[in-house]
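The values are calculated or read from the model by the stated rules, or taken from the named source; none is laboratory data. No experiment lies behind these values; they were computed from the predicted model shown. Methodologically, a virtual Cβ is constructed for each residue, glycine included, from the backbone with ideal geometry; neighbour enumeration extends over all protein chains shown.
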Amino acid sequence: MKATIVVCFTAVSLLLSAGCRTEEPAATQPSETAAQPVVTVAFTEGPTVDAEGNVFFTEIRSQRILKFTPGAGLETFRENSNGANGLVFDPQWRLIAAEGDARRVTRTNLATGEIEVLAADSPETPIAQPNDVTFDSKGRIYFTDYAGDRVYRIDPDGGVYQILGPDEVDVPNGIVIAPDDRTLYHVEANQKEGGSRCIKAYDLAPDGTVGNPRVFHDFYPGRSADGLAIDSAGNLYAAAGLNRPRGTSETLETKAGVHVFSPAGEKIAFYPIWEDTITNLAFGGDDLRTLYVTAGKTLFKIRVETPGTRR
């Protein structure tokens, strides 16, 4: 029998007051794992954490990349972000950004501030709106093209390759690679009636191609996931759901929060988030057991049991 627990939130940010929600998660979580607000801005997205524990995330409305230093506060890392959405630090701690408005993916050297374009819209690689990014152990970068209905791979030698096209995906959003490099996951997030709203899984071959497509978890008719993260055991963390209707065909059947699935697709945990709209998530902290979550105007943090990955 599932146990119903009351998860209480402790506000550590001005502009938000403490509150409680009653949830029925797939696996009971102790109350100390509840999501805690860290900082409040406007429309947060795309968190990633650097080697020193600073959290970088995007602010969509003002088109900024922000930097939050625990214990020190918030600053603007970059103005005029070109609609940057998903972010990730690569293994060399360079900041990869999916710049949706500029139709490109960039890499920033934090030491020098130099911005390098890794992939851009062209007749050979039609890129409409890069949305989210991840990487594998071979240094290859993968990103979703939200408006172009494509998924691309960027190789270390600079080659850019479409690995999934409009006939294979619907509205691709979040993306992540399993820690053993054998599975690629991406989100389908079509808000229209009958649209695909699920997480898809693919076998990832050593050469970076994908095959054996399958539905890993179906959120329909609720709101699909947005961003994804994955822990060291291969458990998948999905930022999904709504607290209130938003004028689409999406129902409230998917609760707003972090939904955690085993590699076999079984839902094993749920962390509720009370603020709409939950967008993305990333692991950080010295032990990689702090999960940072962007939702609405707020950056949250959650302590989890299994160490995460930086993907």
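Among the residues that make up segment 45-52, is at least one of them among the polar types (S, T, N, Q) and surrounded by 13 or more Cβ atoms within 10 Å (Cβ to Cβ)? The answer is yes, given that some residue of segment 45-52 is among the polar types (S, T, N, Q) and surrounded by 13 or more Cβ atoms within 10 Å (Cβ to Cβ).
Residues in segment 153-165: is at least one under 16 Å from the mean Cα position of the chain (by Cα) and assigned to a loop (DSSP other than H, G, I, E, B)? No, that holds for no residue.
Counting only residues that are in contact with a Pro (Cβ under 9 Å, 6 or more places away or on another chain) and part of a loop (DSSP other than H, G, I, E, B), segment 206-232 holds 1 of them.
For the structure I just gave you, tell me whether Asp203 is more than 16 Å from Lys301 (Cα to Cα), not in a loop (DSSP other than H, G, I, E, B) and not hydrophobic (A, V, I, L, M, F, W, C).
Numbers: more than 16 Å from Lys301 (Cα to Cα): yes; not in a loop (DSSP other than H, G, I, E, B): yes; not hydrophobic (A, V, I, L, M, F, W, C): yes.
Yes.
For segment 265-280, give me each residue that is in a strand (DSSP E or B) and hydroxyl-bearing (Ser, Thr, Tyr). Talk me through it step by step, then tell me what you get.
Going residue by residue through segment 265-280, those that are in a strand (DSSP E or B) are 267-272, 278-280.
If the condition is that a residue be in a strand (DSSP E or B) and hydroxyl-bearing (Ser, Thr, Tyr), then Tyr271, Thr279 are the ones that fit.
Put simply, of Glu116, Glu124 the only residue that is among the charged types (D, E, K, R), more than 25 Å from Gly234 (Cβ to Cβ), out of contact with any Gly (no Cβ under 8 Å at 6 or more places or on another chain) and not in a strand (DSSP E or B) is Glu124. Within segment 109-132, residues that are farther than 14 Å from Ala97 by Cα reach partners that are surrounded by fewer than 16 Cβ atoms within 10 Å (Cβ to Cβ) with beta carbons closer than 6 Å, at six or more positions or on different chains, in the pairs Ala128/Ala147.
The residues of segment 127-141 that are of a type outside the set (S, T, N, Q) and in contact with a Gly (Cβ under 8 Å, 6 or more places away or on another chain), listed by number, are Ile127, Ala128, Pro130, Asp132, Val133, Asp136, Lys138, Arg140. Scanning segment 87-113 for residues that are out of contact with any Asp or Glu (no Cβ under 8 Å at 6 or more places or on another chain) and assigned to a loop (DSSP other than H, G, I, E, B) yields Asp90, Pro91, Gln92, Arg94, Gly100, Asp101, Ala102, Ala111, Thr112, Gly113. Residues that are buried (at least 24 other Cβ atoms within 10 Å of the Cβ) and polar (S, T, N, Q) within segment 221-232 comprise just one, Ser224. Annotation for segment 246-260: no member residue is at pLDDT 95 or above and closer than 29 Å to Tyr161 by Cα.
This table checks each residue for (1) surrounded by fewer than 24 Cβ atoms within 10 Å (Cβ to Cβ); (2) touching a helix residue (DSSP H, G or I) at 6+ places or on another chain (Cβ under 7 Å); (3) among the acidic types (Asp, Glu); (4) part of a strand (DSSP E or B).
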{"position": "Gly234", "(1), (2), (3), (4)": "yes, no, no, no"}
{"position": "Pro245", "(1), (2), (3), (4)": "yes, no, no, no"}
{"position": "Pro263", "(1), (2), (3), (4)": "yes, no, no, no"}
{"position": "Ala282", "(1), (2), (3), (4)": "no, no, no, yes"}
{"position": "Asp287", "(1), (2), (3), (4)": "yes, no, yes, no"}
{"position": "Val293", "(1), (2), (3), (4)": "no, no, no, yes"}
{"position": "Glu305", "(1), (2), (3), (4)": "yes, no, yes, no"}
{"position": "Arg310", "(1), (2), (3), (4)": "yes, no, no, no"}
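Within segment 178-200, the residues that satisfy the criterion of being over 19 Å from Glu250 (Cα atoms) and outside any strand (DSSP E or B) are Ala178, Pro179, Asp180, Asp181, Arg182. Can Asp226 be described as within 13 Å of the chain's Cα centre (by Cα) and charged (D, E, K, R)? So Asp226 fits the description; yes. List every residue pair whose Cβ atoms lie under 8 Å apart, where the two residues are 6 or more positions apart in sequence or sit on different chains, the first residue falls within segment 282-300 and is among the acidic types (Asp, Glu), and the second residue, located anywhere, is not in a strand (DSSP E or B). The qualifying pairs are Asp286/Gly53; Asp287/Pro307.
For residues that are of a type in the set (D, E, K, R) and farther than 15 Å from Glu188 by Cα, scanning just segment 142-172, find the one that is surrounded by the most Cβ atoms within 10 Å (Cβ to Cβ). For segment 142-172, the residue satisfying everything is Arg153.
Within segment 253-275, the set of residues being among the hydroxyl-bearing types (Ser, Thr, Tyr) and more than 16 Å from the chain's Cα centre (by Cα) comprises Thr254, Ser262.
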